[in-house]
Amino acid sequence: MMFYLNDCGIVCALGATRAAVRENLLERAASGVSMSDACSAGRPLPLGRVLAALPSVAHLAPPERSRNNALALAALAQIRPAVEAAIARYGADRVGVVVGTSTSGIAETEAALRRHEAGAGLPEDFHYGQQEMASPAGMLAAELGVSGPAYVHSSACASSAKAMASAARLIQMGLCDAVLTGGVDSLCGFTVAGFSALASVSAAPCNPLSANRDGINIGEGAALFLMSREPAAVALRGWGESSDGHHMSAPDPAGGGARLAIAQALARAGIAAAQVDYINLHGTATQQNDAMESRVVESMFGAAVALSSTKPLTGHALGAAAAIEAALCWLAMQDDNPEGRLPPHLWDGVADPALPQLNLALPGAALGRPLRWALSNSFAFGGSNAVLLLGRTA
């Protein structure tokens, strides 16, 4: 069975429309990461912020009024006609919603507590339910009037990859004919402080695979797909999920779980590693992730496959990262990219001699033909690994 990705809406640091994201990704290779102390008062950090105005959430119930849900609505707006056409075709009870997130409305709680500590009390429109993890799926289902399965995955950086795999399973099991799936996450001080406490945040633009890499840049955004059995140019052809259980925040240095998830994705799609044209790395620019991932990729695919980390372009959007990166692959696989230009790898060019020397897709890199197979890795805290394999269908 094929799980077609019929349409895609994306908002991230690269832009608030699909056209803007595509231009900055494939035409300009322009990073959307910029310095800001919005989430770390008095300590500017590189953040992948969405700077565009977002849809109003005033019409939503108080528990659903969050920036996180505004980001989700911005992505939905880009594909809403296609989603509503699917609802009309299949019926509201045959359309599901499965998304990934990790922050939900924590930023709203932070703002409310700051006001309370200043003696002004909690805002009248504050509701503790704003930070419920299930909020994005419930809000999207209510917004669209669908009654199929609606739920959220929250497994750190693998959240939205697991959501997309779950969406495919809902269609495979016959529970849904179409699913709105992807991920959304919003910046907040809690996340920045938490990763800073782990010494994982870089004070400079992140530098994946470099000898000088020293941590992540955190970002935000949303990417939503309409997935169904109706033919489209790109489909989710395979996925793999594993849990290596090595450490709460460090990957298994041997990459056993990562290797298993990649192998599952290839097997499910029925292709060999040599057929993959491009790999979107998890590529966090931390010492341990890049070491593990580069060695796994080199051992499974060799050193010739084109690859990049797009986190220097968008920041690491945590629960939304996998969906955003799948959306970047989806954009590069469309008919309007016949020369197969690839998502670029931005770094300082200083190779780490301790790592395999891989084929980085530097700005301007192209296959010279359409991109047919793209693998996207997501390796999360707690050893939660998820890999998506997208393939062109024509």
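For the range 127-137, filtering for residues that are farther than 12 Å from residue 180 by Cα, open to solvent by less than 50 Å² (accessible area, probe 1.4 Å) and not polar (S, T, N, Q) leaves 1.
Output the residue which, of all residues in the range 147-162 that are open to solvent by less than 20 Å² (accessible area, probe 1.4 Å) and part of a loop (DSSP other than H, G, I, E, B), is nearest to residue 284 (Cα to Cα). Working first, answer last.
From the range 147-162, those open to solvent by less than 20 Å² (accessible area, probe 1.4 Å) are 148, 157-161; that's our starting set.
With the extra rule that they be part of a loop (DSSP other than H, G, I, E, B), the set shrinks to 148, 158.
Working: 148: 35, 158: 13 Å.
The selected residue is 158.
The set of residues in the range 227-243 being of a type in the set (A, V, I, L, M, F, W, C), open to solvent by less than 10 Å² (accessible area, probe 1.4 Å) and either within 8 Å of residue 5 (Cα to Cα) or not in a strand (DSSP E or B) (or both) consists of 227, 234, 235, 236.
The one condition from (1) modelled with pLDDT of 90 or more; (2) in a helix (DSSP H, G or I); (3) more than 19 Å from residue 220 (Cβ to Cβ) that residue 129 does not meet is (1).
Going by the structure shown, is residue 180 aliphatic (A, V, I, L, M), in contact with a Ser or Thr (Cβ under 9 Å, 6 or more places away or on another chain) and open to solvent by less than 40 Å² (accessible area, probe 1.4 Å)? Talk me through it step by step, then tell me what you get.
Numbers: aliphatic (A, V, I, L, M): yes; in contact with a Ser or Thr (Cβ under 9 Å, 6 or more places away or on another chain): no; open to solvent by less than 40 Å² (accessible area, probe 1.4 Å): yes.
Answer is no for this residue.
When you scan the range 336-392, how many residues do you find that are under 21 Å from residue 166 (Cα atoms) and of a type outside the set (A, V, I, L, M)?
First, pick out the residues of the range 336-392 that are under 21 Å from residue 166 (Cα atoms): 373-392.
Next cut, of a type outside the set (A, V, I, L, M) only: 373, 376-379, 381-385, 391-392.
Residues meeting the conditions: 12.
Taking residue 390 as the residue in question, decide whether it is under 19 Å from residue 259 (Cα atoms), crowded, with 16+ Cβ neighbours inside 10 Å and touching a strand residue (DSSP E or B) at 6+ places or on another chain (Cβ under 6 Å). So residue 390 passes the test.
For the range 304-337, residues that are touching a Lys or Arg at 6+ places or on another chain (Cβ under 9 Å), assigned to a loop (DSSP other than H, G, I, E, B) and under 20 Å from residue 158 (Cα atoms) total 2.
Filtered by the rule that a residue be assigned to a loop (DSSP other than H, G, I, E, B), surrounded by fewer than 18 Cβ atoms within 10 Å (Cβ to Cβ) and either under 24 Å from the mean Cα position of the chain (by Cα) or in contact (Cβ under 8 Å) with a residue 40 or more places away in the chain (or both), the range 338-354 gives 348, 349, 350, 352, 353, 354. If you filter the range 206-226 down to residues that are among the polar types (S, T, N, Q) and open to solvent by 10 Å² or more (accessible area, probe 1.4 Å), you find that the one that is nearest to residue 181 (Cα to Cα) is 207. Residues in the range 264-285: is at least one among the acidic types (Asp, Glu) and either assigned to a strand (DSSP E or B) or open to solvent by 40 Å² or more (accessible area, probe 1.4 Å) (or both)? No, the range 264-285 contains no residue that is among the acidic types (Asp, Glu) and either assigned to a strand (DSSP E or B) or open to solvent by 40 Å² or more (accessible area, probe 1.4 Å) (or both).
The values are calculated or read from the model by the stated rules, or taken from the named source; none is laboratory data. Because the structure is a prediction, the values reported are computed rather than measured. When we count neighbours, we look across all protein chains shown, and the Cβ atoms used for this are built from the backbone with ideal geometry, even at glycine. The accessibility values were calculated without ligands, DNA or RNA, using every heavy atom of the protein model including side chains. Shrake-Rupley method; radii C 1.70, N 1.55, O 1.52, S 1.80 Å.
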